Amino acid sequence: MKSTKAILWAGVLASMLVMSSSALAQTVGFSQIGSESGWRAAETTLTLQQAKDRGIDLKFADAQQKQENQIKALRSFIAQGVDAILIAPVVATGWDAVLEEAKEAEIPVILLDRMVDSSDDLYLTAVGSDLVHEGSVAGQWLVDELAGKDCNVVELQGTTGSSPAIDRKNGFEQAISGHANIKLIRSQTGDFTRTKGKEVMESFLKAEDGGKNICALYAHNDDMAVGAIQAIKEAGLKPGQDILVVSIDAVPDIFQAMAAGEANATVELTPNMAGPAFDALAAFMKDGTMPPKFIQTESKLYTQADDPQAVYEQKKDLGY
Amino acid sequence: MPQSDNQPLLRARGLRKVFPGTIALDGVDFWLEAGEVHALLGENGAGKSTLIKCLTGAYRRDGGDILLNGDMIDPKGTIDAQAYGIGTVYQEVNLLPNLTVAENLCLGHQPTRFGMISTRAMNRRAREVLSQFGLDIDVARSLASYSVAVQQVIAIARAVTLSGKVLILDEPTASLDSHEVDLVFGVVRSLRERGLGIIFISHFLDQIFEITDRVTVLRNGRLVGTEATRDIDRVRLVNLMLGRELEQEVRSHGKTHAAAGEPRLTFTGFGRKGSIEPFDLSIRPGEVVGIAGLLGSGRTETAEVLFGVAAHDSGEARRGDGTALRLTSPREAIAAGFGFCPEDRKTDGVIADLTVRENIALALQARIGWMRRIPAREQRAMANDYIRKLDIRTPDAEKPVGLLSGGNQQKVMLARWLVTNPSFLILDEPTRGIDVGAHAEIIRLIEDLCAQGMSLLVISSELDELVAYSHRVIVVRDRHHVAELAGGDITTDNMVRAIAAPEREAIN
Amino acid sequence: MTGLMLFMRRIWPQLMTLAVIVGLISIMFPGFFQISIANGRLYGSPIDILNRGAPVALLAIGMTLVIATRGIDLSVGAVMAICGAVSAWGITEGYGLAATLAMALAAGLACGLWNGILVAVLGIQPIVATLILMVAGRGIAQLITEGAILTFNHEGLIFFGSGSLLTIPTPVIIGVVTGAIVTLIVRRSALGMLIEAIGINLRASTLAGVNTRVLLIAVYMTSGLCAALAGIIAAADIRGADANNAGLWLELDAILAVVIGGTSLLGGRFSLVASMIGALIIQAVNTGILLSGFPPEFNLIIKAVIILIILVLQSPTMRTVLVFFSREPAGASDKDKETVAP
């Protein structure tokens, strides 16, 4: 029920905006990093879709992981005199000059998903998720689910040293701190991949008495969780029952696992960064309302109660 | 002629260098005066490059002294040698083609300003240096944009600016045409006038006579002699290099009757551009054809074109019965019953880490194909058979061939081809670098094979040897087959004359 | 008999190393040797080593042959990704198992043919030639999977990753059978000797009439085929083709396996069995680190230190030292003894 409401909400909001913004008939340039992951592809799909819904003429430029391509794209947007620019910056540094140019041309710039190191008066706002918050949502779910029962948790970290791995670990640990019933007994990197997730989970199972010692798995992304679920099954245990599985990202495949009862919860890193960005832009264009410098997207928790099969159907064509 | 009453510029006394199995330099004395161009001559393996490498410290010498202006020096390497004033320029220009001319000239010694390289000062310095060499070129362009000759002059300029006393030129003209040679020679002459001592290595006799003041000839690691260039003629020089005294010794031998019968193979107009000019050759069963010539004359190139190593681009080959032969790769040549023992056993011949057995079986196995492996027992039998027949000194057939001596490696090479039962065997310098005993055995083997009806083409710089076993001898010079001697005409003297004849002089 | 003894002497250092590492793990983790049967399949840490080590062992088979010819194949990781993608694509498009496997193996052979032509016909240095496919290969794989992880649920294909035959995991069987077949072909025919001859001295081999061009291409194609098998296993294991991560950096593990197996990067003499043991040594180290429970920040350092120790112990200098102190000639190779004798 909750999920269908959310979908409705988004739809209604979108159609309202179509009406209000069509009067402004904007042209917006969008410089995307590339398509290095399924999530990134979904972000592109959703941005194009959101622009279409709002009657915005979106000029899309794929940078293929290169900053110079992004800078080139921004300069060309400025030369074309677009009304606003969306950019998902590939790196954090080196943007001052081109952002200054945009500012001089009075074109508002909105950052999507990633931050830059430039002074914050060079862009209108940044839309992104809070990685620490994602981790704590996952941790809080486990705390609530266990309701005080003892539980040994194993953790599959992202790539060692990457900021999602550090922040999602910290957020999770914050959420479970103070709950003596939850113990983090093993933590190892699975490099965000299915293969490594499966291999590391296999070793966790061997090391913890064939898995009898483990009550829950926390994975920094869904792909590792999907790999680990297979390892749990191959060890003769039931993922989702014998071992609870909670992960982050909300990619379509984890919803299939949830529908099959093999995963318990996932926290969404929404690929819809453009929606809030367009909202803020519309308000700014209309009467000059300055948005906050950071717009945090919702880190929505999905559980088996959210009709995972329906969410899967809805997400599977987004390009994940 | 330079003065020799005071100390020579550079002097080597009793230089000795031993490699496992061979004595590369055996007590060589050598001296270089200031203001002379001194030729260093000798066949492959004579010890020229070993001598150079000992002088520049690239090799540690095993004995002897090096004196510069009368002082003992002991260069530890090429950079050390440069510090003493000894610079070297090799045949392949060893500069960096993607850097500019100026950078190449100043590399490692760039003028700096506040710790940064000053390109302007560097270019200015480079222009000054090159103007002394009569070169007025854009030094900011990359080295690769200039011809090999200009690059060679730049290499010389760099060597001279860095060292400035002794300049060693190792075959600097090998890849130049005559106009370019003039350019390099102009530079060499001006350096001589500036008082540098120049060691000049080349195989082109014309160039030796044009540019050098004295010649030193090495053979088999020993000093043969040092003479003033103007006091020596071509015939004598060739004799020194090949080790023959100019005596009218006419050797009569048992091969005056050329092998009779129809030719087994006929090559007409066979040749390859830039390698060997088209030649005609026919060879009969049981006949040994010798090839005489200096290094780089086209003797090895003849063998390589025949065997398909460097495919011929003119002419044709036919069997005795008139059928045409395709000979564009070694595989085709082997299929036609050819065999080839190359001159450089180490790089072209033996497979060092494989055993004696595997080396002997290799060519036969390659001909049969990989699928039908010669059974281990047959391989062993084959190897042991030839170890016995050719008296290969090895503890057993399973010894890696690289650990054997040169002569035994050569016998393994012969065995490799003999097991394929070839009808035509090409031997390039079969007796080079092997001891006296093995030498005699290989010559006896050549005669035996010939008696069994095999056709042989033997290339050798040992003219005595050619006299001993050849029915005919072809003399090669400047990539041409210039003369053919048969029967009683096969004498070392006739060969030396044909080899030494200057260009365009008719050969009788 | 002597053949067997020579063979044992060749793989002795690798076997010893593997035994020492397994011994160390079992000291640290006493439950290591517990093997049970779960879901009709052997289950336990030693099985994990064999199972997880199978892809690298497969890559090491092809890599050994390539390195024996004095080449190197950097593209095997990317070829794994391509062939995994092809198999996932084939099965989801409904081509059926046999056709899908045939297409994946053909893709591997085609990649090998490409590498072989660059090396043997165009004369490009192997490290550069195979770098091209190493870089481009993942792009090709992404084109096939359209940028996403292409998942499938075909039991027949999944069998190659997580199935078992007589309780033995399929990847282990594929690895062992492939190793045995290639060893038989290479050693029962003359291929082994000819490959070694090419690696030691290409020019001399050509002059002896060895068809070096065809053999080089065949060797790179074998490497491609082995990578295809490894790619199928990797995709089947996670029931999906991950173009970005399948086989990532495994080319380096494969090269390391060959080196630990005692085959020189300068080509020549090789041992397939020793290379495969080398792959197991690497996997034993990986599994040991995972079982140890050290924080992941230490993974790479621990692995590097262990590999360093192995390579130092196997280095010719160290062997001479060991022989000198122990006066036990077991560790000495033929060469060591011969260099002592004049």
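Every number here is computed from the coordinates shown, using simple stated rules; none is lab data. Remember, it's a predicted structure, so these values are computed and weren't measured experimentally. Methodologically, a virtual Cβ is constructed for each residue, glycine included, from the backbone with ideal geometry; neighbour enumeration extends over all protein chains shown.
Averaged over the residues of A:196-206, the number of partner chain Cβ atoms lying within 10 Å of the residue Cβ comes to 6.
Each stretch of four or more DSSP H residues adds -39500 (n - 2.57); spread over every residue of the protein assembly as shown, this sum gives -15500 deg cm²/dmol at 222 nm.
What does a probe at A:Thr45 reach in segment C:140-156, counting residues whose amide N is under 15 Å from the point 7 Å along Cα→Cβ? Once the point is set 7 Å along Cα→Cβ of A:Thr45, C:145-151 turn out to lie under 15 Å by backbone N, inside segment C:140-156.
In this simple spin-label model, placing a label point 7 Å from the Cα along the Cα-to-Cβ direction at both B:Asp29 and C:Arg203 gives a separation of 3.7 nm. For the pair B:Asp385 and B:Asn421, the difference between a 0.36 nm per residue extended length and the Cα-Cα distance amounts to 11.6 nm. What is the sum of charges around C:Asn51, taking Lys and Arg as +1, Asp and Glu as -1, for the other residues whose C-beta is under 11 Å from the C-beta of C:Asn51? Taking every Cβ under 11 Å from that of C:Asn51, the sum is -2. Shielding of peptide C:191-200 by partners, expressed as the average count of other chain Cβ atoms within 10 Å per residue Cβ, is 5.
Just report the Cα centroid separation between segment A:298-316 and segment A:120-141, whole Å. Here the answer is 20 Å between Cα centres. Once the mean of 1/r is taken over each pair of separate Cα atoms and inverted, segment B:44-115 shows a Kirkwood hydrodynamic radius of 14.5 Å. Computed 3J(HN,Hα) for segment A:133-139, one whole-Hz value per residue from the Karplus formula 6.51 cos²θ - 1.76 cosθ + 1.60 where θ = phi - 60°, is 4, 4, x, 6, 4, 4, x, glycine and proline marked x. Modelled label positions at B:Asp489 and B:Ser147, each set 7 Å beyond Cα in the direction of Cβ, lie 3.9 nm from each other.
Please give the FRET efficiency for A:Thr27 paired with A:Lys300, using the beta carbon to beta carbon distance and R0 = 41 Å, rounded to the nearest 0.05. About 0.85, to the nearest 0.05. Annotation: average projected area of segment B:352-420 is 4.0 square nanometres, based on the convex hull of Cα atoms across all directions. Cβ crowding within 10 Å ranks A:Asp53, B:Asp464 as B:Asp464, A:Asp53, fewest other Cβ atoms first. By the rule of a C-alpha distance below 20 Å, with chain neighbours fewer than 8 residues away ignored, the lysines paired with A:Lys300 are A:Lys2, A:Lys5, A:Lys169, A:Lys315, A:Lys316. From least to most packed, judged by other beta carbons within 10 angstrom and beginning with the fewest, C:Leu291, B:Leu105, C:Leu308 follow the order C:Leu308, C:Leu291, B:Leu105.
Based on the Cβ-Cβ distance of B:Arg319 and C:Trp12, what FRET efficiency does E = 1/(1 + (r/R0)^6) give at R0 = 41 Å, to the nearest 0.05? Efficiency, from the Cβ-Cβ distance: 0.15.
Label-to-label distance, C:Glu146 versus C:Leu122, with points set 7 angstrom from Cα along the beta-carbon direction: 3.2 nm. Averaged over residues, the count of other Cβ atoms within 10 Å places the peptides B:361-372, C:68-79 in the sequence C:68-79, B:361-372, highest first. Taking Lys and Arg as +1 and Asp and Glu as -1, the other residues whose beta-carbon sits under 13 Å from that of B:Ala159 total +1. The distance separating the Cα centre of segment C:19-95 from that of segment A:54-84 comes to 45 Å. By the rule of a C-alpha distance below 25 Å, with chain neighbours fewer than 8 residues away ignored, the lysines paired with A:Lys286 are A:Lys52, A:Lys59, A:Lys103.
Over chain B, the hull volume per residue, using the convex hull of the C-alpha atoms, is 176 Å³. Here the calculated FRET efficiency for A:Ser76 and A:Ser119, from their Cβ-Cβ distance with R0 = 30 Å, stands at 0.80, rounded to the nearest 0.05. Ranking of B:Ile360, B:Ile446 by neighbouring Cβ atoms within 10 Å, starting from the fewest: B:Ile446, B:Ile360. Within a straight-line Cα-Cα reach of under 24 Å, B:Lys165 can be paired with the following lysines, leaving aside sequence neighbours fewer than 8 residues apart in one chain: B:Lys48, B:Lys53, B:Lys76.
Neighbouring Cβ atoms from other chains, within 10 Å of the Cβ of residues in C:239-250, number 3 on average.
Computing Rg and the Kirkwood Rh from the Cα coordinates of segment A:69-143 gives a ratio, Rg/Rh, of 1.13. Here the Debye sum runs over all C-alpha atoms of segment A:131-268 as equal scatterers in vacuum, and log10 of I(q)/I(0) at q = 0.21 Å⁻¹ comes out as -1.28.
Rg over Rh for the protein assembly as shown works out to 1.07, both radii taken from alpha-carbon positions and Rh defined as the Kirkwood radius. Using alpha carbons only, how many degrees (0 to 90, rounded to 10) separate the axis of helix B:436-451 from the longest principal axis of chain B? Taking Cα atoms only, the helix is inclined about 40 degrees.
For the pair segment B:456-506 / segment A:206-249, the C-alpha centres are spaced 86 Å from each other. Each 20 Å bin, from zero up to the one with the longest distance, holds this percent of the alpha carbon pairs of chain C: 30, 58, 12, 0.
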